[in-house]
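Asks: Quick one: the structure is below, questions incoming.
The values are calculated or read from the model by the stated rules, or taken from the named source; none is laboratory data. Just so we're clear, the structure is a prediction, and the values are computed from it rather than from any experiment. Heads up, the Cβs are rebuilt from the backbone with ideal geometry, glycines too, and the neighbour counts pull from every protein chain shown. For accessibility, only protein heavy atoms count, side chains too; no ligands or nucleic acids. Shrake-Rupley method; radii C 1.70, N 1.55, O 1.52, S 1.80 Å.
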Amino acid sequence: MLRGLYSSAMGMITNMQRMDVVTQNMSNVNTTAYKRDHVVSHEFSDVLMSRLNDPGMRMFHSLPIGHVNPGVFVDDVFTAFTQGAFQETGNTLDLAIAGQGFFVVNLDGEELFTRDGTFSIANGMLATQSGALLQGQNGNISLPDGYITINDQGRVYVNGEFIDTLRFANFNRDGLHSLRKMQDNFFRVSDHTAGTEIPFEGRVLQGYLEMSNVNIVQEMVQMITNQRAYDTNARMITVQDQTLQRAVNDIARRN
């Protein structure tokens, strides 16, 4: 009986965590290049139930009577790096990456990665909306006054004069999974990212932005599913609590 309470409680906790992730996704449905998260849950190992101290059974032996699963728990929060749709803006400083990969930026001396190509000029240099400096092959990209052109290979020109080539980063599947999501649409490497870099094979689209890959309909369906599962576990706790009360108050009194 108590094991059932624990299983239902774990189910409620897991669905609360799932709901938090769904809510975060829905709140970023209009965030440029946002990558949705989803929860990976895992079952606890099955526990073999045995009859112990049963009269007539030989010492040190037990009779298996079945398996019990204590429930599920959140094993990981996985970021889906599927590409979002492109929206044309016509702004020469809006960039999008077609294919897998990231822009490399520098924020307070730390190298970070982003797919949000909403750039602007700050103190003569290309920067993100939060002030991180876009990196080229020669470091920060300093731009003189003039008409800016960036081709599909990331080569930057001002009035037809070559300035620098954008730096890109790309990772294999294990590397993508090891990246750590930060605020302002940035990603940071972790201890497990080393050795997962692969060549960048995407292309740059000037005058476009990548939209969020969140599907609002799917998130709504997931929210309803999580809410129903949470309510079911809550009702099971109420039922088991009532059964325990009856066992203590009624059955024990009769005996």
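Asks: Which residues' amide hydrogens lie under 5 Å from the amide hydrogen of ASP164, considering only partners 5 or more residues apart or on another chain, with H built in the peptide plane?
Replies: VAL156
Asks: Another one. Considering only DSSP states other than H, G, I, E and B, which chymotrypsin sites (Phe, Trp or Tyr not before Pro) in the stretch 105-192 qualify as loop sites with at most 15 other Cβ atoms within 10 Å?
Replies: Counting only loop positions with at most 15 other Cβ atoms within 10 Å, the chymotrypsin sites (Phe, Trp or Tyr not before Pro) in the stretch 105-192 are TYR147.
Asks: According to the square roots a ≥ b ≥ c of the eigenvalues of the Cα gyration tensor, what is the shape class of the stretch 192-246, taking rounded for a/c under 1.5, prolate for a/b larger than b/c otherwise, and oblate for the remainder?
Replies: Oblate, since a/c reaches 1.5 and b/c is not below a/b.
Asks: Would you mind computing Rg(Cα) / (2.2 N^0.38 Å) for the stretch 78-118, counting N as its residues?
Replies: The value comes to 1.32.
Asks: Would you mind telling me the share, in percent, of accessible area of the stretch 164-211 contributed by carbon and sulfur at probe 1.4 angstrom? Provide the component values of the computation, followed by the final result.
Replies: Values: 1230 of 2690 Å².
Carbon and sulfur: 46 percent of the exposed surface of the stretch 164-211.
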